[in-house]
Amino acid sequence: MTLQLSVAAAELPTLLDQAPASVRYLSLDCFDTLLWRNTVAPRDVFAELPIAGGGIWPRARAESRARKRQHFETGKHEIAIEAIYRSLKPYADDVEIAAAVQAELDAEARHCYAFAPTVALMKDAKARGLEIIIVSDTYLSDVQLRELIARAAGEEVAGLIDRIFVSSAYGLAKAEGLFKPVLQDLGVGPETIFHVGDNKVADHDAPALLGIHTVHLRQFTSECAQRLRFEASAAAMIDSSVRNSRPAVAPHRPVLSLHGSDDPAVALGHDVLGPVMHAFAAWVEAERREMAERTGKPVKLLFLMRDGHLPMQVYRTLFGERECAAVEISRFTARRASFTGKEVICNFLSDDCRHGRTDVLARQLGLNRQETNKLCRNELGFEAQKKFNRGVQTPQMLRIIAERSAKFADKLVAHLRRAGVNEGDAVMFVDLGYAGTVQNLIEPVLRDRFGIQIAGRYLLFRDHEQTGFDKRGLIDERHYDLAAIHALCMPIAVIEQLSTVAQGSVVDYSLDGSPVRKDAGPKGLQNAVRDRVQEACVAFARNAEGAVVRSAASDDADCRRSMVAAVLGRFLFMPTAAEVEVLEAFDHDVNLGSDDMVKLVDPELAGTGLKRRGLFYVNQSNRMYLPGELQQHGLPHLLAMFAATRHQFDLRPADFHADTIELNGFIASATSQTLLPVEAHSTHDGYYQATLPVGAGQYAVGVQLGAFAEWVQIEEAAFHSAAGLHDPVADSITPASPAQILFEGMEEVSPGFYRCREDALLLVPPPAKAKEPMVLSLVFRPVVRRAPRISLKEAA
């Protein structure tokens, strides 16, 4: 009986335990079974060919033409690589063709590597006395393929192979019957061959029909395969050279294949965060060594808690705990220690000026409630903030704030001493990023008080202030334009939440430097999920070195950086449904000394925003992880948001008005009534928004819905400030108020769902106690539109 199996990569080393006793040959597919490429797709290798503008498209077109010509002449599709280049370069001589072929072979050798589980399988086969053959669908010759294996995997691996059979030599692909001449050349029966490959049809189904024992290698789960494809798309979105002159690289593919999981939380940690944090830790270690050589001093790594927790765990897994410590310095405590004079204080107040939260400002400046109330003079909101800002700038208050800040800085220095930092040391702050705010605030203070040399190394870094401090990012403006980095930073709160430690943020220090934290609150489920994600991320670091025999030559620091950008871009802007489900348990702590918490992902709120305002408005809103909230609405929304954010498109609300409905309406005051046309613009999922000005509570409005729709669904009828209608920040300052609706000729069949007579009218009285110009927002969905009347003349 013919054996047919389907196995995961981790099962390869012991696969021969299941082989029938009749087996004498281990047969292997080559690409994606023995040799893997350090790219997302095979065609990515062609990006580095010496072809102007990038080689992927010309090389693919040339191969297509060559196969068509071969089929036209012989009825077969299999070709040699030389035929491809004769198609690409029709007037080239033999020397030029040979050089072009060699350039492709060199590119393949640069990107290929041997998959460790397959090599383990080969060594086991030899130990059992089996011969090893390669059967590959390829345009390379057997000599070219053997040389490529030797260059990419090493002579030891190539030496394990007894014979190589290629489709180009026989004019047959595996699915077309290549195994028939293989059996004839070997002079054996099909029961003697045990073939393993990644293509279900070519490596499993087709040879099984001949009686060959076959094994289908499942490289990835379907979810993982989709993530990798999307990562290549994200890479191209972030860097236009990707898939033009540079390949979409994927050095993490073998680890994902060998240790991947169907569990969403584990997959998020291992397959997504794992490659990112592994590359970040390796880069930090290289930067530490460079700084030590440059300064002539040992460099102590200080991982900034809380977000530096996961990077530190991965670093310690790879490089141990020497010269590495956790320090708790938040933006709040760093700023609290930085108020050395009026200029610093005024910079803080001017930068943080549009929220009306004097309690937050006072806590940051070290002022108590009594002092704050005195400065605000019983005012609230923005008026209170104006008075607070003026009062703080008196000489007395400036002196009080500076003195308290200096004492706070003493405690922060004591905290660093507890971490093993001494005068004159060289230290490196390590954090996720993204502007080095803590370093900007605290470095001048620490240099003056402590005399230490400071560097900052961040996962993402965009330099808002040209401070001249030693700050770099794994991804920064040396590698990508600022628009790309800015796009990656926008939804980064999700990375922060997955990287943090389960404890409250530091808000103060004891005199001995021990941290004083605010209450973390009850987050049992969130912490349990995060722990699983982080454990899987650290597992990637442990697994990273065992998946390949030797790394591809292209797997260098730039390759890993490009991978990180691709993985982050994909996750931040194109999350999967399973990833979003994992994140729905999370709340985000905004810190800054307050107790404010917001949901990290709120799909229902985002869905409401889409229906009521459309994608433009939602994209402008201050959401923590908007792509996660929009995921349920489909990839088009996510791609539109990604492109608009990354390329900083100049888009306006009217640009999103794909469809418009014209309704009849009126506005009425106590003394007059005016008819006016009302335009309703499409938002999302069949909904429309109509807006009517009502002044500062001066006008009632009416809309004739029955003339247009027989059945209608009302989503919102609310008054908004005129300034906040298309501005989420202004809308949050003056929240919308529900409108009272009077229905004439409209029967509510179910909540929000109405059957309308032809003369049906929706009436809205003016808002009460309005102090500024207001606008009525009416959001509705015409479920059944009323058929237009046809005159007798038109009917005739």
| Would you say VAL255 is out of contact with any Leu (no Cβ under 7 Å at 6 or more places or on another chain) and touching a residue at least 60 places away in the same chain (Cβ under 8 Å)? | yes
| Limited to the stretch 201-235, what total is found for residues that are in contact with a strand residue (DSSP E or B) (Cβ under 8 Å, 6 or more places away or on another chain), over 30 Å from ALA487 (Cα atoms) and among the small types (Gly, Ala, Ser)? | 1
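Just give me the residues in the stretch 645-669 being among the aromatic types (Phe, Trp, Tyr) and open to solvent by less than 60 Å² (accessible area, probe 1.4 Å), in sequence order. First the steps, then the outcome.
Within the stretch 645-669, the first condition is being among the aromatic types (Phe, Trp, Tyr), and the residues that meet it are 649, 656, 666.
Matches in the stretch 645-669: PHE666 only.
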| message | If I filter the stretch 734-791 down to residues being hydroxyl-bearing (Ser, Thr, Tyr) and either within 16 Å of ALA696 (Cβ to Cβ) or surrounded by 11 or more Cβ atoms within 10 Å (Cβ to Cβ) (or both), which single residue comes out as modelled with the highest pLDDT? | response | TYR754
| message | For a quick check of your reading: which helices (runs of 4 or more DSSP H) sit entirely within the stretch 259-333 and have at least 3 residues that are touching a residue at least 12 places away in the same chain (Cβ under 8 Å), open to solvent by less than 40 Å² (accessible area, probe 1.4 Å) and charged (D, E, K, R)? | response | 274-295
| Residue pairs meeting the criteria (Cβ under 7 Å; at least 6 apart or on separate chains; first among the β-branched types (Val, Ile, Thr), in the stretch 46-58; second open to solvent by 10 Å² or more (accessible area, probe 1.4 Å)) | ILE51/PRO58; ILE56/ARG43; ILE56/PHE46; ILE56/ARG243
| remark: Counted residues in the stretch 12-36 being open to solvent by 40 Å² or more (accessible area, probe 1.4 Å), in contact with a helix residue (DSSP H, G or I) (Cβ under 8 Å, 6 or more places away or on another chain) and over 15 Å from ILE212 (Cβ atoms) come to 2
| said: Which of the numbered conditions does PHE408 fail, given that it passes all the others? Conditions: (1) among the aromatic types (Phe, Trp, Tyr); (2) touching a strand residue (DSSP E or B) at 6+ places or on another chain (Cβ under 6 Å); (3) in contact (Cβ under 8 Å) with a residue 60 or more places away in the chain. | reply: (2)
| How many residues are open to solvent by 30 Å² or more (accessible area, probe 1.4 Å) and touching a residue at least 40 places away in the same chain (Cβ under 8 Å) if we restrict to the stretch 104-138? | 6
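Mind listing whichever residues of the stretch 416-434 are open to solvent by 10 Å² or more (accessible area, probe 1.4 Å) and assigned to a loop (DSSP other than H, G, I, E, B)?
ALA419, GLY420, ASN422, GLU423, GLY424, ASP425, GLY433, TYR434
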| request: Take the residues in the stretch 74-98 that are surrounded by fewer than 15 Cβ atoms within 10 Å (Cβ to Cβ) and not charged (D, E, K, R), then tell me which one is farthest from the chain's Cα centre (by Cα). | output: THR74
| said: Considering only residues that are at pLDDT 90 or above and either open to solvent by 10 Å² or more (accessible area, probe 1.4 Å) or assigned to a helix (DSSP H, G or I) (or both), which ones fall in the stretch 574-588? | reply: THR576, ALA577, ALA578, GLU579, VAL580, GLU581, VAL582, LEU583
| request: Tell me which residues, restricted to the stretch 477-526, are polar (S, T, N, Q) and closer than 28 Å to LEU412 by Cα. | output: GLN497, SER499, THR500, GLN503, SER505, SER510, SER514
| message | If ASP556 meets every condition in (1) touching a residue at least 40 places away in the same chain (Cβ under 8 Å); (2) out of contact with any helix residue (DSSP H, G or I) (no Cβ under 6 Å at 6 or more places or on another chain); (3) farther than 19 Å from THR317 by Cβ apart from one, which number is that one? | response | (1)
| query | Counting residues that are open to solvent by 10 Å² or more (accessible area, probe 1.4 Å) and farther than 24 Å from PHE571 by Cα, which strands (runs of 3 or more DSSP E) fully inside the stretch 145-249 reach at least 1? | reply | 163-166, 213-218
| request: Looking for whichever is out of contact with any Gly (no Cβ under 8 Å at 6 or more places or on another chain) and either within 30 Å of ALA644 (Cα to Cα) or in contact (Cβ under 8 Å) with a residue 24 or more places away in the chain (or both) here; the options are GLN497, GLN439. Which one fits? | output: GLN497
| field | Filter pass, ALA334 being more than 25 Å from ASN527 (Cα to Cα) and at pLDDT 90 or above | value | yes
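The values are calculated or read from the model by the stated rules, or taken from the named source; none is laboratory data. Just so it is clear, the model here is predicted, and its values are computed rather than measured. Neighbour counts run over all protein chains shown; Cβ positions are idealised from the backbone, glycine included. These accessible areas exclude ligands, DNA and RNA; they are computed on the full protein's heavy atoms, side chains included. Shrake-Rupley method; radii C 1.70, N 1.55, O 1.52, S 1.80 Å.
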